[in-house]
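The values are calculated or read from the model by the stated rules, or taken from the named source; none is laboratory data. Given the structure is predicted, the values throughout are model-derived calculations rather than measurements. Cβ placement follows ideal geometry from the backbone for every residue including glycine, while neighbour counts extend to all protein chains displayed. Keep in mind that these areas ignore ligands, DNA and RNA; they rest on the heavy atoms of the full protein, side chains included. Shrake-Rupley method; radii C 1.70, N 1.55, O 1.52, S 1.80 Å.
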Amino acid sequence: MAAPRGHALVHRVLAECPITKARACELTLPHGPVKTPVFMPVGTQGTMKGITADQLRDLGCEICLGNTYHLGMRPDSGGFQMVSLVELSKVTEEGVHFTSPYDNREILLTPEKSIEIQNALGSDIMMQLDDVVSSTISGPRVEEAMYRSIRWLDRCLAANKRPEKQNLFAIIQGGLDAQLRKKCLEEMTKRNVPGFAIGGLSGGEEKDHFWKMVTLSTDHLPRDKPRYLMGVGYATDLVVCVALGCDMFDCVFPTRTARFGSALVPWGSLQIKSKQFAKDFQPIDKDCKCPTCLRYTRAYIHALFKSDTAGMHHITIHNIAYQLDLMRSVRESILKGHFPQFIQDFMKIMYGTKDKYPKWAVDALETVNITLK
C-alpha cells in the first residue's frame with residue numbers, strides 16, 4: 001500500500017482476526033518500521049526514566065513517546081497536559097495559556113506553536129494540539145472542546161512545514177457522549193491525515209463507558225490507517241482493546257509503577273519492596289528473558305530498594321520488557337490465527353477463575369464474539 005499523498009507513513013494490514021476486530025499491521029516510518037499492535041513507552045522529556053536508549057533498543061522497542069509541552073519548555077503538548085496541569089492553564093480559541101511550572105513565565109501554546117516545536121524535534125509522528133477535558137466531565141464544555149479540537153486540527157495541518165517527513169495524527173474527542181464522538185469521527189475522517197488517535201479516555205471514567213467509546217471509535221475509523229488509543233497501559237486493557245480494533249498504545253504505567261517497586265507479571269504484579277521477597281531467590285518471572293530476570297533475584301532487588309536507585313532501574317527494564325513481550329505475543333497470535341485462544345489463556349493466567357474476571361472486559365469481549373470460559 002502506498003503512502004497517502006504528502007505523507008511519510010506506509011500502513012500495511014498484514015492479518016485480521018476473523019472473530020474479533022484485532023489486526024496485525026506494519027507502519028513504515030522515516031526512522032524505521034514499527035510492528036503493531038504495539039505498546040509505546042513514554043519518555044516525557046525524550047528519554048525513559050531509569051533506562052538508557054541503548055537498553056530500550058536492546059529490549060526490541062521500535063517506538064517511544066516524547067511530550068511537546070515538556071520538551072518545548074525545557075529548553076523552551078499535547079492536550080493531555082492540559083488535564084494534568086489544568087491548574088496552571090487556561091484554554092481560549094487562540095490556544096492554551098500556561099503558567100510555567102519551572103519559572104512561572106506565561107506561555108501561550110497554540111496549534112501552530114505545537115507543530116513548530118514538533119517539526120523542530122523531527123518526530124516521525126506528531127499529534128495535533130487538542131482541547132481535552134477530563135473524561136469525568138459532562139455538559140457543554142465537552143461539546144465545546146470537541147468542536148475546538150476539529151478547528152485546531154485544521155490549524156495544525158496548515159502549520160505543518162514537513163508533511164512529507166512527519167506524520168500528523170488527529171485526536172478524536174467527544175468525552176463519553178456517543179453522539180459527540182460520532183460527530184468528531186465524521187469530521188476528522190474527512191481530513192487527509194495519516195493516522196488517528198482516540199483521546200479523552202483512560203482518565204478515571206467507569207470502565208463500562210471507556211470500552212464503549214473505544215469500540216464506537218474503531219467502528220468508524222478507516223481500516224487503512226493506524227488507530228492509536230492514548231494513555232492505556234494495563235495488560236488487560238491492552239489485550240481487550242486490541243480485540244476492539246486498536247493498534248497503538250502508550251502509558252507511563254510500567255515505568256512509574258516500577259519506581260514504586262511493583263514488577264509486572266502475567267498473573268498481575270509483585271510488590272518487590274514487600275518483606276515477603278527478602279529471602280526469595282527466584283527471578284521476578286522465571287519465564288521472562290529480560291536482563292533483569294536472567295541475572296537478578298527478587299531478594300537482591302528487594303535489598304537494593306532500601307538504599308540504591310538501581311532497584312528501580314532493574315524493575316523498569318523488566319516492566320518495559322513485559323509490556324513489549326505481551327504485545328509481541330498478541331501480534332504473533334493474530335498472525336497465526338490464534339488470537340481468540342490467546343485471550344482465553346491470558347485471562348485465565350491473569351485472574352485464575354472466571355468469577356474474578358472484570359465484568360467490563362467480559363462484556364466488551366462478548367461484543368467481538370469472545371465468550372470467556
TODO: Could you work out how far apart the two model spin labels at residue 289 and residue 307 are, taking each label as a point 7 Å from the Cα in the direction of the beta carbon, and quote it in nm?
DONE: 3.6 nm
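Per the 1.4 Å probe, what fraction of the accessible area of the chain, in percent, lies on carbon and sulfur atoms?
On the way: 8880 of 16710 Å².
C and S fraction of accessible area: 53 percent.
Given 0.36 nm per residue, what is the gain on full extension from residue 367 to residue 158 after removing their alpha carbon distance, in nm? Walk me through the intermediate numbers first.
On the way: separation 209, 0.36 × 209 = 75.24 nm, distance 3.89 nm.
Working it through step by step, the gained length comes to 71.4 nm.
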Task: Relative contact order, percent, region 146-289 [alpha-carbon distance under 8 Å, six or more residues apart] - done: 16 percent
Task: Neighbour-limited loop hits for GluC sites (Glu not before Pro), region 138-233 (at most 13 other Cβ within 10 Å; DSSP other than H, G, I, E, B) - done: 164, 206
Task: Gyration tensor over alpha-carbon atoms, region 154-279, equivalent ellipsoid semi-axes in Å - done: 33, 18, 12
Open item on the list: If you filter region 284-364 for trypsin sites (Lys or Arg not before Pro), then keep DSSP loop positions with at most 12 other Cβ within 10 Å, what is left?
Closed with: 286, 289, 306, 336
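How large is the convex hull of the C-alpha atoms of region 299-373 per residue, in Å³? Intermediate values should be presented prior to the final figure.
On the way: hull volume 9.2 nm³, N = 75.
Given the Cα convex hull of region 299-373, per-residue volume reads 123 Å³.
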TODO: Return the Cα extents of region 174-216 along principal axes one, two and three, sorted largest first, each rounded to a whole Å.
DONE: 33, 19, 14
Open item on the list: List the aspartates and glutamates whose Cα sits under 18 Å from the Cα of residue 207, skipping any in the same chain fewer than 8 residues away.
Closed with: 177, 237, 250, 355, 363, 366
Task: In nm, spacing of pseudo-spin labels at residue 345 and residue 206 (7 Å Cα→C-beta vector) - done: 3.5 nm
TODO: Could you state the accessible area per residue of the chain in Å², with a 1.4 Å probe and every protein chain left in place?
DONE: 45 Å²
Open item on the list: For a Förster distance of 41 Å, can you work out the FRET efficiency between the beta-carbons of residue 220 and residue 269, rounded to the nearest 0.05?
Closed with: 0.75
TODO: Report the normalised scattering of the chain as log10 I(q)/I(0) at q = 0.08, 0.12, 0.13, 0.15 Å⁻¹, calculated by the Debye formula with identical scatterers on the alpha carbons.
DONE: -0.41, -0.94, -1.10, -1.42
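Of 348/373; 113/225; 286/356, which sit over 20 Å apart, Cα to Cα? Please list the in-between numbers first.
Values: 348/373 9 Å; 113/225 26 Å; 286/356 25 Å.
Cα-Cα > 20 Å for 113/225; 286/356; rest within.
Return the loop-located chymotrypsin sites (Phe, Trp or Tyr not before Pro) in region 176-217 (DSSP other than H, G, I, E, B) with at most 15 other Cβ atoms within 10 Å of their own Cβ; answer none if there are none. Please report the intermediate quantities before stating the final value.
Details: sites: 196, 210, 211; in loops: none.
Counting only loop positions with at most 15 other Cβ atoms within 10 Å, none of the chymotrypsin sites (Phe, Trp or Tyr not before Pro) in region 176-217 qualifies.
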Task: Estimated [θ] at 222 nm from DSSP helical runs (n ≥ 4, -39500 (n - 2.57)) normalised by residues in the chain, nearest 500 - done: -12000 deg cm²/dmol
TODO: Find the relative contact order for region 268-373 and round it to a whole percent, using C-alpha pairs within less than 8 Å whose residues are 6+ positions apart.
DONE: 17 percent
TODO: Please give every one of the aspartates and glutamates within straight-line cross-link reach of residue 161, meaning a C-alpha to C-alpha distance under 16 Å, and leave out same-chain neighbours fewer than 8 residues apart.
DONE: 112, 116, 124
- [ ] Give the share of C-alpha pairs in each 5 angstrom bin for region 84-174, from 0 to the last occupied bin, in whole percents, shortest bins first.
- [x] 3, 14, 22, 22, 19, 14, 5, 1
